[in-house]
Amino acid sequence: MRLGVLASGSRGNAFVIEHDGCMVFFDAGLSGKKHTQRLHEAGFGGLFPEALFISHEHSDHIKGAGVLARKWNIPVYGSSGTLGASRKSLRKLPGTEILENGTSVDFHSFTVSAFSVAHDAVDPSGYVIEWDSGKLGIATDLGKSSPLVEANLKGCSAVVLEFNHDEEMLWNGSYPWYLKQRIASTTGHLSNSTASDLLGTVYHKEMRVCVLAHLSQENNIPHLAENASREVAGGTIKIHIGMQDEALPALDL
């Protein structure tokens, strides 16, 4: 299994996985042109996607979703709430497939399962991808953890986990008060502290990769997020930081 982090941050999020030649997208918060460019930069050029999964309807996750779906003639998967709330932005699509939270779909040699997360969207989803030798969890845009989130992420050999903000930087920063409250709420975004608590809960000695995702460029600094993650994760795990303005090279999971 290979994971591509094409973009991660407040201005756009896009991920891709590939296993045994089957490739699917998770979120598409970049323009169609930029998404395709980052796909090649990350080492996924020449492959054809089979589906696009969207986590929720906010623009930094679906900005380019309609364009990509039409370009590749692929279906868009999401909860019924997410697809309904995204309809106007996505416009006409080749096809949609409802994947309610708590259900799964098979793709050749791997399975994608959706689970509910706490965020200020209609019916947002996290995702777990399982294949013959591993399990990847993707959990961004959630204001708090929960027993359900922890249950889905436990046993993962790799995780993409939101480390959105440093609490001190957020409260002392330039954002208006209403936005600070929204970000810090239980339906907002995970701070470095709450994310590290979640990572510590689900970490185990077989976990090999952790991607710190959705870092705020205004309210976080990469080394603060990394330091928080390393306080709870073992020394053998590889920590990667998702970036807003460039793709990470493909990560072997």
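Restricted to region 210-236, and to residues there that are surrounded by fewer than 20 Cβ atoms within 10 Å (Cβ to Cβ) and among the β-branched types (Val, Ile, Thr), the residue that is modelled with the highest pLDDT is ILE221.
Across region 159-206, the qualifying residues are those that are out of contact with any strand residue (DSSP E or B) (no Cβ under 6 Å at 6 or more places or on another chain) and among the acidic types (Asp, Glu), and the one among them that is surrounded by the most Cβ atoms within 10 Å (Cβ to Cβ) is ASP166.
With the requirement that a residue be of a type in the set (Val, Ile, Thr), closer than 20 Å to GLY143 by Cβ and touching a strand residue (DSSP E or B) at 6+ places or on another chain (Cβ under 6 Å), what does region 103-130 give you? Matches in region 103-130: VAL117, VAL128. When region 65-85 is filtered for residues that are touching a helix residue (DSSP H, G or I) at 6+ places or on another chain (Cβ under 6 Å) and closer than 18 Å to THR140 by Cα, only ALA65 remains.
Taking only pairs six or more apart or across chains, which ones have beta-carbon atoms under 7 Å, a first residue in region 21-46 that is over 22 Å from TYR127 (Cα atoms), and a second residue that is in a helix (DSSP H, G or I)? Partner pairs satisfying both residue conditions: GLY32/VAL67; GLY32/LEU68; GLY32/LYS71; GLY45/LEU39. Among the residues of this structure, LEU142 does not count as one that is in a helix (DSSP H, G or I) and within 19 Å of the chain's Cα centre (by Cα). Scanning region 1-46 for residues that are over 13 Å from the mean Cα position of the chain (by Cα), part of a loop (DSSP other than H, G, I, E, B) and under 21 Å from LEU90 (Cβ atoms) turns up ARG11, LEU30, SER31. Taking the criterion of being modelled with pLDDT under 95 and buried (at least 23 other Cβ atoms within 10 Å of the Cβ), no residue of region 34-63 qualifies.
The values are calculated or read from the model by the stated rules, or taken from the named source; none is laboratory data. Note that the coordinates shown come from a computational prediction; the quantities given were computed from them, not determined experimentally. Every residue, glycine among them, receives a Cβ derived from its backbone with ideal geometry; neighbour counts consider all protein chains shown.
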